[in-house]
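Enquirer: Below is the structure I would like to discuss, written out as C-alpha cells.
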Amino acid sequence: MHLQRNFSRKLSTILSLVLLVFSVELATSQSIKELPVLNLGFDQINKENYPDKWNLWGTGYKITPDSSQKFSGNYSVRIEPVGEWKKGQFGSPHIAIPAKYSGKEIELSGYLKLDNVQNGEAGLLLRIDGKNGSLQFDNMQNRNTHGTIDWKKYSIKLPLPEEAVTIYVAALHTGTGTVWADNFELKIDGKNFSSAPLKKIKEYKADLDHAFDKGSGIQIVAADKKMVEDLTVLGKVWGLLKYYHPAVARGDVNADYELFRILPSVLSSKNKQERNERILSAINKLGQLSAIAREKELKETDIKLKPDLKWIEDTNELGEALSKKLLEVRHSQRSGDHYYIDLAPGVENPVFKNENSYASMAIPDDGFRILALYKYWNMIQYYFPYKHLIGEDWNAVLPEFIPKFVNARDQKSYTLTALELIARIHDTHANVWGNKYLEQTIKGTRRLPFQTIFVEDKLMVTAYYSDTLSIKDKVKVGDIISKINGQEVEVLVKQQLPYTPASNYPTQLRDLARTLLRSNENELTLEMIRAGKRTVITLPTVESKFLNTSIDYNPDPKKPGFYVMENNIGYVFPARYKNEDLPAIKKMFSSTKGIIVDMRCYPSAFMPFTFGEYIKSKSGPFVKFTTGAIDEPGLFKFGNTLRNGGGLGENYKGKVVVIVNELSQSQAEYTTMAFQSSPNVTVIGSTTAGADGNVSRFVLPGGISTMISGIGVYYPDGTETQRVGVKIDIPLKPTIKGITSGRDELLEKAVEVILSDNR
C-alpha cells in the first residue's frame, strides 16, 4: 500500500467500516439524484437543526451544527460520542454525489479541528463506488490524526475510475473527544467538480443480462471423478475466455451467466469428446475472432512471469478442435481496454471491475459456488504477481477444491472453504475481510483480556488489554498457555493453519495468537505453565469491542513518536511518526550516537522519500516492481528501478538500526527496504510478514470480500520479498526468559549495535 498510501493499516477495522458503510448505502447508491446544493461548508441547516443534505454513518456518535467553532461561514459540523464510548464505534457525516463527471483524479480537501481525540483517529473520508461495491477508498486512518489540533487543512487524492457510480464525501471520528469539520471542497483534475466535463455513459450488453439474477438453477448431486475432470477443464476454459476473448473484453458477454448456460450441458455430457464439442459450440456462439495479435517484443530479463497456458495444447484432454479454438482465442487481437480488468493509474495493480458480489446470497447455490471457485482460481492464474511462490502447482488446486465447493452447502462450510482456498496462495494481504459471519459466528465475539504471542513456539502472555475482573491477579506476563479447553495448543495450531492465510509460518502464528483465545463462550479453561508448574484455570471472556487491542501494534500510544533514549540514541516509532516531525527530529538527533527505527508496527506516514532522504546521503536504487498486463493476462514484467537518497539538506551520518519482526508488513517492509539501501543501516530481528505491494480487492459470490498483493516488489537485484520478508543483517528473536523478565531483547541488541565500534 506504499504507493497509494491507502488503508492496509488496521486493515480489519478499516474494512469492517467499509463493508458496514457499503451494506447500509448500496441499496440507495444507484438511485441518488443530483443534489442542487451540496452544502460542503455545512452552512445550510434544516428544520431538524441538522446540516442539510448530510447523513450519519456509524453508531454511538452525534453530529450537530456549531456556530462557535468554525473555520469559515456560519457553521461547522461537530462530531462527538454519545454516552459511554465503546471501541469499534465511529461517527461519519457523509454526503453522496453521483459520479457523472469525467477525469483522472479526484481530490477531497477540508478543515478539521480536534479536541483531545484519543483511542481512535479523525480524518476526511473519500469513497468511490461502482455498481457492485467500493472501487477506491481512503479514510486517513494511516495518518493517525489524533490529540488536540487547531483548524488544519487535510486532503485525500484518489484515482477516479471510469466505472464509478457514486462519490461519498465524509468526515470520520473513531475515538473519544470532539472533532469539527468545515469548508469541504471537491476537485476533479484540479478543478471544482461541478465544472468538470460530464462523462459519456457507455452501455455494455453484459449489463443487460439478468437471466440468473435469482439463482443459477443448477444442482450438483455429487462430484465424482468424471465430473471433477469436466469441471476442471471448464474452469480453465472459462477463465481463458473471460480474460482473453475479445467479445468478453468488449463487455458483450456476461461471463458469469454464460457459465451457467454451458454448465448443465457439460455436467450431462457422456464422455470427454461430447464435453469438448459442447464447450466448443459455446465458444463459437461468442462470435468471430479478430486478427492475430502481434506478439510483444520483450527482453527475457524484463519478464518475471509468462502466462501459464501450456494446457491449451493438450489435445489428449481437449481434442484437436477445441485446442485449436483456444489457441485462436489466446492469440486473438485485443485492445488495452477490458470490461472485467483494469490496472490502477500510476501503480498498475489489477482493478477487478464489474464483478458482481452477489452479496444477498449468504449461501450461494451450486452454480454460484462453482462460479466463486472459478473466479478466484482464474484471478490468481492471470493476475497474482506471486503465483510462482505459492509453493505448489496451482493447476492442481482447481480439481482439489471442486468437490469442496460442491459440498459446501451451508454458510459455515462455504465461508471456511473460501478461506481455505484463499490461504493456499500464501499472501498475508489475502484473507476474508470484514465478514460478519466469520468474525461473529465462527471466530467469536468474545476473548480473554490479555495479549498473547508465540515465543519459542509457545503461546505466551505478554501484556493486558485491561484488568477486567482482576485478570492481572490470575494471569502473569510470561505464563505459557499449553491447553485451551482441554486441547493442546500445538494441536489447535495444526487444525487452524489451513484456515489462516499468511505469507509464512511466523505470520500465521502471529495471527493465530490473536484468534485462538476468541470464542462465543462466556469462559475458557486454560492449562498454564508458570515457573515449570502446570495449573488449570477457568477465566471469563469479554466482548472484544470493549478491549483496546490496538496495543498489538502500538503498545505505548501515549509515548511520543520520537525521542532520545539513554546513551544518547535517537528512537523513532513509525506508527506515531509524521513527516512534519522531521525538522524537529533532525534538530533533536543532530548529536546522537545513532538512531533506532522500531519498525515492529505499521507506519502512519509515507517515509521512504522523507526520512529515507535524511538517513541516506547518496542517491541509489532500493526497489523494483513487476506488473501484469491486460492485453496478455498472466504476463508480469519488471518496470524501472526506484531510487531514494541524496536529497538536499543535512543528512544523518551516524548508525541507524531498524528493528523488524512479523508485525512488519507491507508498507513497513517497503519502508525498511528504502532505509536499508543506505550503507549506514543495519536491520535486526526476525522474518517479516512477507506481503508487499499495493493490494487489489474483490468480492466473491456471497459477499466474501478478499484481496491480493497486486504488484510484485523486489530488491534491485531481483531478490524476492514476498513470503520471505525483508533482508535481515542480524537475525534475532525474543525469548521466553527475556519477556518474563520484562526485557526487550531486540531493542537491547539495537543499542548494542549502535554503541559498538564494529558494525
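The values are calculated or read from the model by the stated rules, or taken from the named source; none is laboratory data. What you see is a predicted model; the values in this text were computed from it and never measured. All Cβ positions, glycine included, derive from the backbone under ideal geometry; neighbour counts span all protein chains shown. Quick note on the areas: whole protein, heavy atoms, side chains included, nothing else; ligands and nucleic acids left out. Shrake-Rupley method; radii C 1.70, N 1.55, O 1.52, S 1.80 Å.
Enquirer: Say whether the condition of being aliphatic (A, V, I, L, M), touching a residue at least 12 places away in the same chain (Cβ under 8 Å) and crowded, with 20+ Cβ neighbours inside 10 Å is met by at least one residue in the stretch 549-568. Give the steps one after another, and end with the answer.
Expert: Let us first name the residues in the stretch 549-568 that are aliphatic (A, V, I, L, M), namely 551, 564-565.
Then keep just the ones that are touching a residue at least 12 places away in the same chain (Cβ under 8 Å); that gives 551, 564-565.
Now narrow it down to the ones that are crowded, with 20+ Cβ neighbours inside 10 Å: none.
There is no residue in the stretch 549-568 that is aliphatic (A, V, I, L, M), touching a residue at least 12 places away in the same chain (Cβ under 8 Å) and crowded, with 20+ Cβ neighbours inside 10 Å.
Enquirer: Just one of (1) at pLDDT below 95; (2) under 25 Å from residue 290 (Cα atoms) trips up residue 349, so point out which.
Expert: Looking at each condition in turn, residue 349 falls short on (2).
Enquirer: Something else now. From the list 728, 684, 708, 739, which residue is part of a helix (DSSP H, G or I) and either touching a residue at least 12 places away in the same chain (Cβ under 8 Å) or not polar (S, T, N, Q) (or both)?
Expert: Numbers: 728 fails: part of a helix (DSSP H, G or I); 684 fails: part of a helix (DSSP H, G or I); 708 fails: part of a helix (DSSP H, G or I).
One residue alone meets the criteria, 739.
Enquirer: Being part of a loop (DSSP other than H, G, I, E, B) and within 19 Å of residue 660 (Cβ to Cβ) is the filter; apply it to the stretch 495-514 and report the residue that is most open to solvent (accessible area, probe 1.4 Å).
Expert: So in the stretch 495-514, the residues part of a loop (DSSP other than H, G, I, E, B) come out as 500-504.
Remaining after also requiring within 19 Å of residue 660 (Cβ to Cβ): 502-504.
Details: 502: 2, 503: 1, 504: 19 Å².
So the residue we want is 504.
Enquirer: Also, I was wondering about something else. Looking at (1) part of a strand (DSSP E or B); (2) hydrophobic (A, V, I, L, M, F, W, C); (3) under 30 Å from residue 379 (Cβ atoms), which is the only condition residue 659 fails?
Expert: (3)
Enquirer: Can you tell me which condition residue 334 does not meet? The list is (1) of a type in the set (Lys, Arg); (2) at pLDDT 95 or above; (3) more than 20 Å from the chain's Cα centre (by Cα), and all the others hold.
Expert: Only one criterion is unmet by residue 334, namely (2).
Enquirer: For the stretch 137-169, enumerate the residues that are under 24 Å from residue 579 (Cα atoms) and either among the hydroxyl-bearing types (Ser, Thr, Tyr) or over 21 Å from the mean Cα position of the chain (by Cα) (or both).
Expert: Looking only at the stretch 137-169, we keep the residues that are under 24 Å from residue 579 (Cα atoms), and these are 137-159.
Scanning the stretch 137-169 gives 145, 146, 147, 148, 149, 150, 151, 152, 153, 154, 155.
Enquirer: In the stretch 569-595, how many are open to solvent by less than 60 Å² (accessible area, probe 1.4 Å) and of a type outside the set (A, V, I, L, M)? So that I can check it myself, show each step before the final result.
Expert: Keep residues of the stretch 569-595 that are open to solvent by less than 60 Å² (accessible area, probe 1.4 Å), which gives 569-579, 581-582, 584-585, 589, 592, 594-595.
Narrowing further to those that are of a type outside the set (A, V, I, L, M): 570-571, 573-574, 576-579, 581, 589, 592, 594.
Here the count works out to 12.
Enquirer: Kindly indicate whether residue 231 is within 30 Å of residue 117 (Cβ to Cβ) and hydrophobic (A, V, I, L, M, F, W, C). Let's see the steps before the verdict.
Expert: Details: within 30 Å of residue 117 (Cβ to Cβ): no; hydrophobic (A, V, I, L, M, F, W, C): yes.
Spelling it out, it is not the case that residue 231 is within 30 Å of residue 117 (Cβ to Cβ) and hydrophobic (A, V, I, L, M, F, W, C).
Enquirer: Filtering the stretch 410-468 down to residues that are in contact (Cβ under 8 Å) with a residue 24 or more places away in the chain, under 18 Å from residue 529 (Cα atoms) and hydrophobic (A, V, I, L, M, F, W, C), which residue is most open to solvent (accessible area, probe 1.4 Å)?
Expert: 453
Enquirer: So which of 720, 745 is closer than 19 Å to residue 641 by Cα, modelled with pLDDT of 95 or more and among the charged types (D, E, K, R)?
Expert: On the way: 745 fails: closer than 19 Å to residue 641 by Cα.
It is 720.
Enquirer: Right, another one. Among the residues in the stretch 284-299, are any under 32 Å from the mean Cα position of the chain (by Cα) and of a type in the set (Val, Ile, Thr)?
Expert: no
Enquirer: Check residue 164 against each of (1) farther than 23 Å from residue 605 by Cα; (2) in a strand (DSSP E or B) and name the one condition it does not meet.
Expert: (2)
Enquirer: Can you confirm whether residue 594 is closer than 16 Å to residue 654 by Cα, small (Gly, Ala, Ser) and within 28 Å of the chain's Cα centre (by Cα)?
Expert: Details: closer than 16 Å to residue 654 by Cα: yes; small (Gly, Ala, Ser): yes; within 28 Å of the chain's Cα centre (by Cα): no.
No: the conditions fail for residue 594.
Enquirer: Looking only at the stretch 187-215, which residues are within 30 Å of the chain's Cα centre (by Cα) and among the hydroxyl-bearing types (Ser, Thr, Tyr)?
Expert: If the condition is that a residue be within 30 Å of the chain's Cα centre (by Cα) and among the hydroxyl-bearing types (Ser, Thr, Tyr), then 204 is the only one that fits.
Condition check ((1) in contact (Cβ under 8 Å) with a residue 60 or more places away in the chain; (2) touching a helix residue (DSSP H, G or I) at 6+ places or on another chain (Cβ under 7 Å); (3) open to solvent by 40 Å² or more (accessible area, probe 1.4 Å)) across all residues:
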| position | (1), (2), (3) |
| --- | --- |
| 91 | yes, no, no |
| 100 | yes, no, yes |
| 104 | yes, no, yes |
| 108 | yes, no, no |
| 111 | yes, no, yes |
| 142 | yes, no, no |
| 146 | no, no, yes |
| 161 | yes, no, no |
